Structures are given as C-alpha cells and as structure tokens.
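A.B. asks: Okay, here's the structure, questions in a sec.
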Amino acid sequence: MVRARIGRTISELSQMIRAIPAQTLVGAGADDRRGGEIVNISGVGGSCPSPGDMPRRRPSASKRTRRTSASPPWIVVETLNGPSHPTVVIDGNYRRRFGNLTRVSIARTASLVRSLPAVVEHCARTGEPQLQPVRLPSGRAIRLLALPVEGPVASVFGVLVCASSASCIPPSPLAVGTLEWNAVTGIATANTAAERILDLAGAGERRERTLADVMCRFTWWEDRAGFLSLFDPAESVDEWAGTAIIADVGPGGRRHVYVVARSCTSAAGRLVRAIVHDVTGLEPTPRFDTHAVALRRIPTREGHAVGLTDVASWLVHDWIAIDDTPLYRWRHQDPEIHWEDMESVARCRAALLAGAESIGCTIRVRFSEHDQWATVRAEWTMLSRADRLQAVFDITWISK
C-alpha cells in the first residue's frame, strides 16, 4: 500500500541518506548544470542546519499572517489528470491555483528546476517514494524527496515534494485528502485523509458517499456554482479551485480547507477528482454562507425533507431532514425511482430548463431491491437562474 510505504519513508530517511556515498554528490556535476541520479526508496526518516546555511530567496510580497517553521516546506503537486500534467496547489504556507511546477519556492537553481518535473513524474507513475541528490552552485548538497499522494482507489492523485539539506531530516508529511466523484451520479469515494479532514462519519471505512452527504459538511463554499459546473454534462469546466469552511469540528471549531478539482475522463466514464488540504490558520477564515445556514435551519417535520438541486446535472447537493427517518436516508443514498415514474421526473427537469418556476410529480422510490416501493410527492421550485440553475427540492412522504 502507498500509505505503508510513506510511513516507512520518513522513519528510514536517515539511513537512506547515510547510505548514499559522498561521491554520488561530488560526481553529480562540476557545476550547477548537472543533477544526481533519481533514487527509488521504499522507505525513508540529526537536526537541520541553521536556516542561514540554506539558499536564500526574497520574501513573499504577501502581507498575510502565516505560520512560520524552521523545517523545509512541503510542496503539494496535483496529478489529477495523470503524471504528465502536474501543477502546484500548495507551496509551503501558500495555496496556489494550478501553478507552474518550475516556479515554486524550492526551485532556486537551474538544476532544481530541471530535476523537479522528472522526480514528480516518476513518483506519480510508479507510486513509489523518490529521493534525488542535487548539488547547488555553492557546492552544498540538497536532496529532493517525493512522496505519492494516493487517490481513493489506489491511483496517485498528487505528489508531496520537499527539498532539504543532506544532513536534514524532512518534516512529517502533510495530510492531503483526495476524493473522486462519478460525475453522472455524484457518488464519491474518499481516501482516509479526506475522511478525517472533512470530519465525515465513519472515517476510514472508504464507503461511497452522495454529493449531498459531502457538501452538507460545509457552512461556506467558495463559488459553489463554479464547482458544480464540473458535473455539468453539457458545459462542464475543466478545473476549479477554492476554499470552504467545515463547522463544529471537535474542540477547534471551524476548519478552513482548500479544494482543487478537475473534470477527468476514464474507462468508467466522466469523473471529478479533487485534492483537499487543511489551511486553517494560514489565512483569514471567510464568514459563513448565509444561504447555506438558512437552509439548514428550515423547520422540517417527520415525513418531509428539503434539498437543493443543480438542475443541469440533476444532482442534489444539500439535504435537510429529521435524523433517523426514511427521508433522512436520501442524504446518504440515492433512491431507485420506479421505472414507470422516470418519465415524469424527466418532464419536470425539462420544464425547469425551459423556464418553469415550479413543478412537481408523484413518484415511487425505494433504497434497496428488498424494500417495498414508497410513494412520495416531489416538488421543485426555482431558486436562482444566475450562474447556474438551482432549485429547491421539496419531498413529502405519502405512503409505503
């Protein structure tokens, strides 16, 4: 497993570093125009030298308050569309929007600029940690360490990269979450890190989750309409990046996360893949979303539920119902609609797309082939036609 290999990586790094002969670095090149050979490591783990011994660069122009650390920074590279198209999404304490890999803070010399793409691509393709020695013009030796970021189902969604001096033990790897949605059904799977970052119930179970189940965790989501465009079957965007707020996460209260996502294609069909990273404390936390909070405080009674539907994709992305009632199950599982009623639902969607302000139908649903069909009344009322068509989805339980 990728996770097991990464666990061994940090703990064994000291031995790996000492095992690399000094002549490997000396022979890496007479000047800055040559780099060392990439070393595959199935595991890596002294104190760091003074920051004054490390290469210097001009400080960032940003005036935001950031956490500072004496440890070398980690760079998070996304490879959501494959190892041949890497971009930077986290650079130390700063988030980036699909940035150029050769323009990160650790790429201070020409040899580092040349070495980074090859190390990242090799790590992403093999799913194995990589270690490469690089010589600076001053003669000092540093090493590039690359660790794979696993996707929910074994593939690599990103790479963690750190550049440290030869005698420095790299800091602990960042916790990077990954998710993958079926763009048609909205069903998502998440890796363990994402389950924990998003504070999803039953973290570590790797079960499938609806789009509504994931989105209900957030009290604020930057440009939700833009994110939902990734699922649009007709006018899908290629990429999206933004931040979101998760409320009531343990004793720390709110959690601020950065999400980058891409629309992808595979043999299984259209997918939406994402990387999630906790940026709490790195920058000012946005205020909560009034509309999201208001929706969650709508009074509901047993046998009644309210949600939000993205009309173009026909995906429900928010859901309010009383816990432990049949309709609450809709948040965690998409019901099966009786085949005789599917035409009625299609007519409702077509009417909303054509300009209707509200429409409804009576349908039969069930959550398992062993369940009896239950009759519900479904009503859609347009909420917004700006950016993306959004409708309030109102369900009333009639009978079983």
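Since every read-out is calculated from the coordinates, none of them should be taken as a lab result. Worth saying up front: this structure is predicted, and the values here are computed from it rather than measured. For neighbour counting, all protein chains shown are included, and Cβ atoms are generated from backbone atoms with ideal geometry for every residue, glycine included.
A.B. asks: Mind running the shape call on the range 74-230? Use the C-alpha gyration tensor, a ≥ b ≥ c as the square roots of the eigenvalues: rounded below 1.5 for a/c, prolate if a/b tops b/c, oblate otherwise.
C.D. replies: Working: a/c = 2.29, a/b = 2.07, b/c = 1.10.
Since a/c reaches 1.5 and a/b is larger than b/c, the shape of the range 74-230 is classed as prolate.
A.B. asks: Also, quick follow-up: Grab the other residues whose beta carbon is less than 15 angstrom from that of TRP380, score K and R as +1, D and E as -1, and report the net.
C.D. replies: Summing Lys/Arg as +1 and Asp/Glu as -1 gives -1.
A.B. asks: Something else now. Could you let me know the centre-to-centre spacing of the range 121-193 and the range 86-100, using Cα atoms, in angstrom?
C.D. replies: If we compute the Cα centre of each part, the gap is 13 Å.
A.B. asks: What FRET efficiency, computed as 1/(1 + (r/R0)^6) with R0 = 56 Å and r the Cβ-Cβ distance, is obtained for SER138 and THR381, rounded to the nearest 0.05? Please report the intermediate quantities before stating the final value.
C.D. replies: Numbers: r = 67 Å, r/R0 = 1.20.
Efficiency computed from Cβ-Cβ geometry: 0.25.
A.B. asks: May I pose another question? Could you list log10 I(q)/I(0) for the range 102-181 at q = 0.24 Å⁻¹, which the Debye formula gives when each Cα is one point scatterer?
C.D. replies: Reported log10 I(q)/I(0), two decimals: -1.16.
A.B. asks: Then there is this: Label-point separation (nm) for SER105 and ARG366, each offset 7 Å from Cα along Cα-to-Cβ?
C.D. replies: A separation of 5.7 nm, rounded to one decimal place.
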